[in-house]
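A short reminder: the numbers here are calculations on the coordinates, not readings from a lab. Quick caveat: nothing in here was measured; it's all calculated off a predicted structure. Here the Cβ is made from the backbone with ideal geometry for all residues, glycine too, and neighbour counts use every protein chain on show.
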Amino acid sequence: MGNIISFNHHVTADDDSLVMSNGLTDVLLDYLLLSGADLAQTDSEKRMMVFLGEEIQSWYGSGTVGFAITDMPWQPETFAADRDFLLRMTAHAREMTLQPEIHEMLGYKPSPEHISYALDGFSALITRMTAADIQPEELKKWLSYAEADDPIYCGYPRCPKHKVFLSCVGCKICIEDLGKYPVEQEDLDQLKKFWYGTDAAPQGANTNEPNQSPLC
Ligand SMILES: [Zn+2]
């Protein structure tokens, strides 16, 4: 079992789809999330990070978090900037794989060979994306799944410990730190108290976003 990040879900044996073990998938996503936490500035960049932060195998199940690059929340207005951001973010993630303090934070040191394969593959897929490949319904569909009190509508709150942008599930790295499979709803409920500093819904307290939903 493993996960595939493809360009557009049409996978053939010798195409450029990124085929990874479940473990390598987690390693790639951990580094992308930490890197994006350093670099994302605009709403569309933060949305990209929230999308990646939803891919949590200990919640959704091992081998279930593959996706297509065209599934990501692209929009024509910010396409060039968002693609540039994702390439810079991937390059910064590569630098972070060499940093001892990041190894300590994550509790593991990635295999240089494996993480390079994953970062190279992800970067190549992002490079291939063009404005003509945008599927406008994908962004609408993704936004329609979000509840009014989800992070994307509440100022993009971050994990206080790892600084990553929280997805509707929470912080992937905190969830992995529990060392549980599968994670239960009550585990997430406990973590929410830490992420949001309260039992209540998201506060968006760690951002400067002005457009807070009344439900947050
Ligand atoms: Zn965390």
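Filter the stretch 160-187 down to the residues that are surrounded by fewer than 18 Cβ atoms within 10 Å (Cβ to Cβ) and away from the ligand (no atom under 12 Å from the Cβ) and list them by number.
Selection gives 168, 179, 180, 181, 182, 184, 185, 186, 187.
Note down all Cβ pairs under 8 Å where the first residue falls in the stretch 86-112 and is over 23 Å from residue 174 (Cβ atoms), the second is among the hydroxyl-bearing types (Ser, Thr, Tyr) and outside any helix (DSSP H, G or I), and they're at least six residues apart or on different chains.
Close Cβ pairs satisfying both conditions: 112/97.
Could you list, in sequence order, the residues of the stretch 18-50 that are surrounded by fewer than 18 Cβ atoms within 10 Å (Cβ to Cβ) and in a helix (DSSP H, G or I)?
The answer is 22, 23, 38, 39, 43.
Quick one: residue 134 ticks every box in (1) more than 14 Å from the ligand (Cβ to nearest atom); (2) over 19 Å from residue 70 (Cα atoms); (3) surrounded by 12 or more Cβ atoms within 10 Å (Cβ to Cβ) bar one, so which box is it?
Here residue 134 meets the rest and fails (2).
Where in the stretch 73-133 are there helices (runs of 4 or more DSSP H), lying wholly inside it, with at least 3 residues that are farther than 24 Å from residue 178 by Cβ and out of contact with any Cys (no Cβ under 7 Å at 6 or more places or on another chain)? Outline the logic, then answer.
Values: elements: 79-96, 100-106, 112-128.
Correct list: 79-96, 112-128.
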